[in-house]
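Note sheet for the following structure.
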Amino acid sequence: MALAAALPGLEIVGSEVVKLRAPQPGTLLGTGKLEELGARLKAADVSLVLVDGPVTPVQQRNLEKEWGVKLLDRTGLILEIFADRAATREGVLQVELAALSYQRTRLVRAWTHLERQRGGLGFVGGPGETQIEADRRAIDDAIIRIRRQLEKVVKTRALHRASRAKVPFPVVALVGYTNAGKSTLFNRLTGANVLAKDMLFATLDPTMRGVTLTTGQKVILSDTVGFISDLPHQLVAAFRATLEEVLSADLILHVRDISHAQSDEQAEDVEAILHELGVTDETPRLEIWNKMDLLPDAARGPLETLAARREDVLTLSAWTGEGMDLLVEAITEALDGARSSETLSLDFSEGKQHAWLHEQRVVTDEKQTESGWLVDVLWTKAQARRYRDL
């Protein structure tokens, strides 16, 4: 329901959970259920049916023909939402790439009227098969073109990251399940005006702002696309680039909608995706239990007690501002606590690395030797990783 509500212009007239012993290969549903739902759809004058799960091209074609409606499965619906939300050039290209990959698997739908024209024993394709292959080649060409464009965008983003790496400010990344309140928290911390609405996927493109916290600490704050369970594999691949900022973060804020009935399950999904992206447990993180203002008093007390027992959990409401002061203090402490001391031995030939360390302002002491420098640094693990990648 939440996914459907996230697509503008849709009026939801009803929903139903249909239990299947086994999906029918041709129609997904059994004959009886097919007729029952068809009658209800006709009576309610429904023009679009959403299925929260995968539907094969053949099933989609047959259901649309049987009911006289347009049908979208979970992947198709998410693609529609993403297409509506994408704002930056990269976001638009990522959506187009995912949509083309999805459409390529469903070409059979458009050419069923030619299927009977295939001749012989099927070893030689007829006109229908030829048209499908032509469409497939056209889509493949479009995918190649978009990937080339994306490569240029990714290079540009890499240059931006490289320039940010020269700025001695740590990166704090907001992650969380979609609609957890990340953009509202981002706006509260930065004073920015990022789209923040009570809907899924309100943010699709990574947004970054430099901000000075009330403690005087300067950080770069990154708002990311919301995570979701069972994200279609086309989208996991296509939107990986929008989550790259998380990999280089000095601190991760995992924002949770603690008022949601499935908050624990959502948190597990987020942690699983972070692990899949390659985010290690070494990266410091804080868990933010957001939307405390939406909880009844009877539920707030036990949660606040539970959070107080954990050093990595804070309770707040980004909407009302409650708990924000404690969050700012916790961010500062986490960033300071994440720093470690190390002594590096550099040759004179490593002038680039030497300059980078000073640009990062992590050098605490330095001695020149016959062949180079002995440099004492105080840095975060993310800075250490970036240094070794130079």
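Readers should treat all values here as calculations from the given coordinates under stated rules, not as data from a laboratory. Everything quoted here is computed from the prediction, not taken from an experiment. Cβ sites come from the backbone with ideal geometry, for glycine too, and all protein chains shown count toward neighbours.
Using the Cα centre of region 2-81 as origin and beta-carbon charges of +1 (Lys, Arg) and -1 (Asp, Glu), tell me which of 77, 30, 60 is placed farthest towards the positive end of the dipole.
Of the listed residues, the answer is 30.
Assuming 0.36 nm per residue, please report the length gained on full extension of the stretch residue 308 to residue 58 beyond their Cα-Cα distance. Walk me through the numbers on the way to the answer.
Details: separation 250, 0.36 × 250 = 90.00 nm, distance 5.32 nm.
Difference between extended and current length: 84.7 nm.
Per residue of region 72-84, what does 6.51 cos²θ - 1.76 cosθ + 1.60 with θ = phi - 60° give for ³J(HN,Hα)? Whole Hz please, x for Gly and Pro, Karplus curve as stated.
Karplus values, whole Hz, x for Gly and Pro: 10, 8, 4, 5, x, 5, 4, 4, 4, 5, 4, 4, 6.
What FRET efficiency, computed as 1/(1 + (r/R0)^6) with R0 = 25 Å and r the Cβ-Cβ distance, is obtained for residue 131 and residue 47, rounded to the nearest 0.05?
Details: r = 28 Å, r/R0 = 1.11.
My answer for the efficiency is 0.35.
Which entries in the list 182/218; 352/381; 155/291; 218/352; 155/352; 218/291 go over 30 Å, if you measure between the two C-alpha atoms of each?
Numbers: 182/218 19 Å; 352/381 20 Å; 155/291 37 Å; 218/352 25 Å; 155/352 21 Å; 218/291 26 Å.
Over 30 Å Cα-Cα: 155/291.
Rank the residues 275, 354 as a footprinting-exposure proxy: fewest other Cβ atoms within 10 Å of their Cβ go first. Present the calculation step by step, with values, prior to reporting the outcome.
Values: 275 11, 354 19.
Fewest-to-most Cβ neighbours within 10 Å comes out as 275, 354.
Just subtract the alpha-carbon distance of residue 5 and residue 144 from 0.36 nm times their residue separation and send over the number in nm, one decimal. The partial results should precede the final answer.
Details: separation 139, 0.36 × 139 = 50.04 nm, distance 3.32 nm.
Length gained between residue 5 and residue 144: 46.7 nm.
What do you get for Rg/Rh over region 340-388 if you use C-alpha atoms and the Kirkwood form of Rh? Before the final figure, lay out each step's value.
On the way: Rg = 10.0 Å, Rh = 10.7 Å.
Rg/Rh: 0.93.
If Lys and Arg each add +1 and Asp and Glu each add -1, what is the summed charge of the other residues whose beta carbon sits under 11 Å from the beta carbon of residue 321? Working shown, then result.
Values: positive: 188; negative: 293, 322, 325.
Cβ neighbours under 11 Å give a net charge of -2.
Size of region 266-371 along its principal axes in angstrom, Cα-based, largest extent first?
69, 31, 24 Å, listed from the longest principal axis down.
Which lysines, on any chain, are close to residue 65 with Cα under 19 Å apart, when same-chain ones fewer than 8 places away are left out?
33, 42
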